[in-house]
Structure formats: C-alpha cells, structure tokens
Amino acid sequence: MLPRSLNRYRTIDNFTSVLGRSSVELIVLVYDRIGDNLAQAVSAILEKRDESLTDSINQASDLISQGLVATLDFDRGGEIALNLNSIYDYCLRSLLQARLRKDGAAIEDVAVLLADLREAWVNLQNKPA
C-alpha cells in the first residue's frame, strides 16, 4: 500500500474508532495510547534509538496536554480537576526530564501513575448509570 494511502486509511480508522464512544471511553482510549507511547519510549532507550525516544515522548506529552489536560473542567470538577491537573503537570515535567536523561525508570514511573488513573476511569465507565 502506498504511504499516502496507508496514512489516509489510518486516519479514517482512528476517526471511526472514536465515533459512538462515551466521553469516559474516549478518556480511557487516550490513557491507552499514552501507555503505548511510554512503552515505546522505554524500548527506544534500551535499543538506543534517540529519535524514536523523542517521538514517543512527544506523542505521549501531546496526548496528556491535548487529550487529558484540555478536557479538564475546573468549574464543575473542582478539587478533582485541580488535582488531576497537578498530576498531569508532574507527568509532563517528568517525561521531559526522562527524555533528556534517557531515564527509562522515570518513564515507567509515569506509566504506572497514569495506569492507576486509567483504572479509575475504567471503574467509572463500568459503574451503572
């Protein structure tokens, strides 16, 4: 398949995968993608692939900023939104430092923290309305 066609297919596939999902399901999906990127970043460190490390960290950071921080509702979310914002800020700073230091353990720490939050969203998703 041609690269242009493949990219178009991926875009359509990504778009259709979010149609019809609830907001909680979308948040869980963002957490999943962040986890994937962080796992790739750790692999890139082990395999000494600096460009891949940078790409993976940048993608994870973008998802945190645009997919998690941007969706916080400080008016309705109150203290929970403020606490999540602090956690996300910590994760972004940690990932920046981890990329500069090529610190896989720091990336894994962020991954564990976000996995715990993801689990809370999954529990919320599975809770009866």
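Results, tabulated for the structure shown:
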| read-out | value |
| --- | --- |
| Radius 15 Å from Cβ of Asn58, net charge of other residues (Lys, Arg +1; Asp, Glu -1) | 0 |
| Share of alpha-carbon pairs per 10 Å distance bin for region 19-126, given as whole % | 15, 48, 28, 9, 0 |
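All of the numbers you see were taken from the coordinates with simple rules; none came from a lab. Note that the coordinates shown come from a computational prediction; the quantities given were computed from them, not determined experimentally. Counting neighbours? That spans all protein chains shown, and the Cβs are built from the backbone with ideal geometry, glycine included.
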